[in-house]
Structure formats: structure tokens, C-alpha cells
Amino acid sequence: MCVGQVHGGLLGLIQKSCMKTAQHVLFERSEMKDRHLVRKKEHIADKTKLPILIFPEGTCINNTSVMMFKKGSFEVGGTIHPVAIKYDPRFGDPFWNSMKYSTMTYAFKLLTSWAIVCNVWYLPPMVKEEEEDAVHFADRVKAVIAAQGGMSVLPWDGGLKRKKVKESFKEEQQKKYCRIVVENGAVGNGNVH
């Protein structure tokens, strides 16, 4: 079973035909109540159903880091079976910059690649600790995946590649950087001109 966003157009047509093979859960990102439907705990409780395949970043990034996981994937309970995937771009790069390439251009680029090679690591199962909330559980799983793949951990949402960064977030990062500079003595001791 897969959980994913509903697509329109040609991609949507392909998605609908593929989704007929099993009981997949699709949602519309803009509909908050659809997100709540996805988080149904009944699926996890029913041992006759297949496990759910979730990509908790909610987007594809450039293979150098692991971005913030969506907490909804970790609120439903159950055992998480983390999988680290890292692509080797030497023969073909599967990263899709949707701001740069259309679906058809990306599909052509992908299908005409020499090969898509990736390393896949199946990591030990993880469960939420007793006093742990969904955000901290997601961060712990993300750190394990990033460490295995040799990638850096990023604290921000993958949606930032499509949206402008909020001014409040920029200011918060600037204040953190300023504190680091002051604590390390780089200001006021002749190092800054």
C-alpha cells in the first residue's frame, strides 16, 4: 500500500490506472480533512492489510540531505521500518526539479538515462518511545536514515524549494548565526573589519 498525493493530467491518469492494483490511499494536499483521513489508525491495527509505504519528506530532493519529515506519518503509531535510499547520479540523475522540468521532460530524461542506480539500506525497525511525541520520533528516524546514507540532516521543510522563505524564519536563522559568531569571539577582537 502507498500513501500519496492526487495528481491531475497525464500523471493523474497513469496514477489512477496504477492505483487499481491495490488499496492505496490518495489525498489532496490542499484539503486538510483529506490529510486527517490518511492518518487512520485502523489500517495499522488490521494485521491482514499490507504495510503502508510512506515517503515522509513529502518531496524529492537532490540526494545530499534529508529534509524535515511530515509528522503525520509518525502520529498513527505502529512500527516504522526505515529505509535509506541514496541515488548514484553517475549514469542518470533521478532528481526532479519540478520548477525547471515539466513532467514529460522529466519522464523523457529519466527513461533515456543509461541506468538509475541507487543504494538501498533496510534499517532496524523503530517504535515511538513512551514520552516521545511525533515530531521527536520523526527526527530520530530521520537522523538514522541520514547517518546510513551519509547525508546531512536539514531542519526545514522540502516545500521551501517551491515557496519563498518566511521573513520570521530568516530572522531566526540570522539571530542564531549572530549568537554563534559572538560566542566564538569573531566579533570585537579585531577579526572583523
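The values are calculated or read from the model by the stated rules, or taken from the named source; none is laboratory data. Quick caveat: nothing in here was measured; it's all calculated off a predicted structure. Here Cβ is always computed from backbone atoms with ideal geometry, including for glycine, and neighbour counts include all displayed protein chains. Please note that ligands, DNA and RNA were not included when accessible areas were found on the heavy atoms of the full protein model with its side chains. Shrake-Rupley method; radii C 1.70, N 1.55, O 1.52, S 1.80 Å.
Would you check the accessible area of F169, probe 1.4 Å, heavy atoms only, in square angstrom rounded to 10?
Accessible surface of F169 is approximately 60 Å².
Would you kindly derive the ³J(HN,Hα) couplings of region 77-94 from the backbone phi angles with the Karplus curve 6.51 cos²θ - 1.76 cosθ + 1.60 (θ = phi - 60°), listing them in order in whole Hz, with x for Gly and Pro?
Those phi angles translate into x, x, 8, 9, 10, x, 10, 9, 10, 9, 7, 9, x, 4, 9, x, 9, x Hz.
Would you mind checking region 64-86 for residues with the amide N under 16 Å from a putative spin-label position 7 Å along Cα→C-beta of E172?
68-71
Between D88 and residues 5 or more places away or on another chain, which pairs have amide H atoms under 5 Å apart, with H built 1.01 Å from N, and which residues are they?
So D88 has HN proximity to V117, C118, N119.
Expressed in nm to one decimal, what extension gain is obtained for the pair F55 and A147 from 0.36 nm per residue of sequence separation less their Cα-Cα distance?
31.4 nm
Region 61-89 to region 133-151: how many Å between their Cα centroids?
Result: 7 Å between the Cα centres.
For region 109-118, take each phi angle, set θ = phi - 60°, evaluate the Karplus expression 6.51 cos²θ - 1.76 cosθ + 1.60, and give the result in whole Hz per residue in order, putting x for glycine and proline.
Computed from phi, the couplings for region 109-118 are 4, 5, 6, 9, 5, 4, 6, 10, 10, 8 Hz.
Once the Cβ-Cβ distance between N97 and T48 is put in as r, and R0 is 41 Å, what FRET efficiency do you end up with, to the nearest 0.05?
FRET efficiency, N97 to T48: 0.55.
In this model, which of K71/K128; K20/K86; K128/K175; K70/K128; K70/K142 are farther than 22 Å apart at the alpha-carbon?
Beyond 22 Å: K20/K86; K128/K175.
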